[in-house]
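Working notes, beginning with the structure itself.
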Amino acid sequence: MFNVSRVGRMVFLSAAMSGAMLASYSSQAGENDSWKSVRQAGVLRCGAAASAPWVMRDPKTGAYSGAFSELCRKFGEQVLKVKVEFVDTSWDNIVAGLQSDKWDVSLSLNDTPERRKSISFTAPVVDYSVDFTYNKNNPKLPKTIHSLADIDKPNFTFAVMSGTAQDKAVSGALKNARIMRLPGFDETRLSLMSKRADFLADDSMSNTLLVRAHPDWASAFSPTPLLAKQSINFGVRKDIPAADLALLNQFIKDEQTSGEVQKMSDQAVQQVLAAN
């Protein structure tokens with residue numbers, strides 16, 4: 001039997017620790033003048049390109065959800081004490097928009113050497129690799145897939161979101177297959193469902209969600225070794241002050257340690273599955 005008073009104390013202590021951390025962040029922001037321009041403007045602008053479950057936008061309301069959206073909102077509202085504004089963008093423009101000061105941070109960006117030429121990154125938030133979803137009832141495909149060579153064929157078409165880390169990964173890995181570059185998350189999935197594409201190249205979490213939502217026909221193949229194994233981070237401008245980056249990194253670390261990042265990810269997964 002649970003000890004109610006003990007559980008109550010644990011809940012109270014957890015809330016107190018969370019409140020203390022947020023108070024500490026705010027104190028650091030003030031003492032170090034961290035995020036000064038954002039605090040003066042009164043708004044933290046979060047550049048967002050759709051990539052479930054990390055960043056999702058309700059087409060009817062325009063509301064943003066997903067783990068990175070929630071983290072950006074929490075950092076702005078509870079740490080910097082400012083309003084949070086999400087700026088809709090595409091994967092082709094998400095780096096350039098950050099460089100040109102159209103927003104303050106970019107959400108859900110893979111930390112790649114190519115991107116590091118233009119911007120900087122926070123500490124890793126979640127892990128990332130690329131795999132492939134396909135229709136297991138497709139008669140064109142081999143009955144079993146053992147390696148990337150089994151599907152890197154001229155008669156196979158791979159759909160991928162243009163400008164993403166997935167795009168760069170498959171562009172380097174596929175030598176023979178056709179690559180169909182499409183502008184967004186929904187377009188790539190529709191191409192697979194309509195059989196315009198034989199495979200969908202996406203991050204492993206997104207493909208896992210697709211398979212779980214459509215177990216009657218969807219299956220996934222992960223190459224060995226993992227393709228484009230990286231981390232997913234917040235993107236920040238090259239000239240970000242060291243104190244600003246340190247504050248955001250500490251926030252990320254504490255959200256991971258407390259289990260909040262995992263909780264946000266689980267909630268986003270359930271949201272995607274419910275929508276499907």
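The values are calculated or read from the model by the stated rules, or taken from the named source; none is laboratory data. Not measured: the values here are computed from a predicted model. FYI the Cβ positions are ideal-geometry reconstructions off the backbone, even for glycines, and counts take in every protein chain you see. For the accessible areas, the whole protein counts, side chains as well, though only heavy atoms, and no ligand, DNA or RNA atoms are used. Shrake-Rupley method; radii C 1.70, N 1.55, O 1.52, S 1.80 Å.
Answer with yes or no whether residue 212 is under 28 Å from residue 93 (Cβ atoms) and of a type outside the set (Ser, Thr, Tyr). Let's see the steps before the verdict.
On the way: under 28 Å from residue 93 (Cβ atoms): no; of a type outside the set (Ser, Thr, Tyr): yes.
So residue 212 fails the test.
Set side by side, the residues 202, 150, 167 differ, and just one is more than 21 Å from the chain's Cα centre (by Cα) and acidic (Asp, Glu), which is 150.
Residues in the range 87-100: is at least one over 21 Å from residue 63 (Cβ atoms), in contact with a Phe, Trp or Tyr (Cβ under 8 Å, 6 or more places away or on another chain) and not acidic (Asp, Glu)? No; the residues of the range 87-100 include none that is over 21 Å from residue 63 (Cβ atoms), in contact with a Phe, Trp or Tyr (Cβ under 8 Å, 6 or more places away or on another chain) and not acidic (Asp, Glu). Can you name the residue in the range 62-73 that is open to solvent by 20 Å² or more (accessible area, probe 1.4 Å) and part of a helix (DSSP H, G or I) and is also nearest to residue 258 (Cα to Cα) among such residues? Step by step, filter the range 62-73, then rank; the result is 70. Taking the listed residues 233, 207, 249, the one that is at pLDDT 95 or above, under 21 Å from residue 54 (Cα atoms) and buried (at least 19 other Cβ atoms within 10 Å of the Cβ) is 233, with no other qualifying. Condition check for residue 104 on (1) more than 30 Å from residue 250 (Cα to Cα); (2) crowded, with 23+ Cβ neighbours inside 10 Å: one failure, at (1).
To keep it simple, each residue is scored yes or no on (1) assigned to a strand (DSSP E or B); (2) open to solvent by less than 30 Å² (accessible area, probe 1.4 Å).
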| position | (1), (2) |
| --- | --- |
| 45 | yes, no |
| 60 | no, no |
| 75 | no, yes |
| 85 | yes, no |
| 98 | no, yes |
| 108 | yes, yes |
| 114 | no, no |
| 124 | no, no |
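Of the residues making up the range 142-173, those that are farther than 17 Å from residue 211 by Cα and surrounded by 15 or more Cβ atoms within 10 Å (Cβ to Cβ) number 17.
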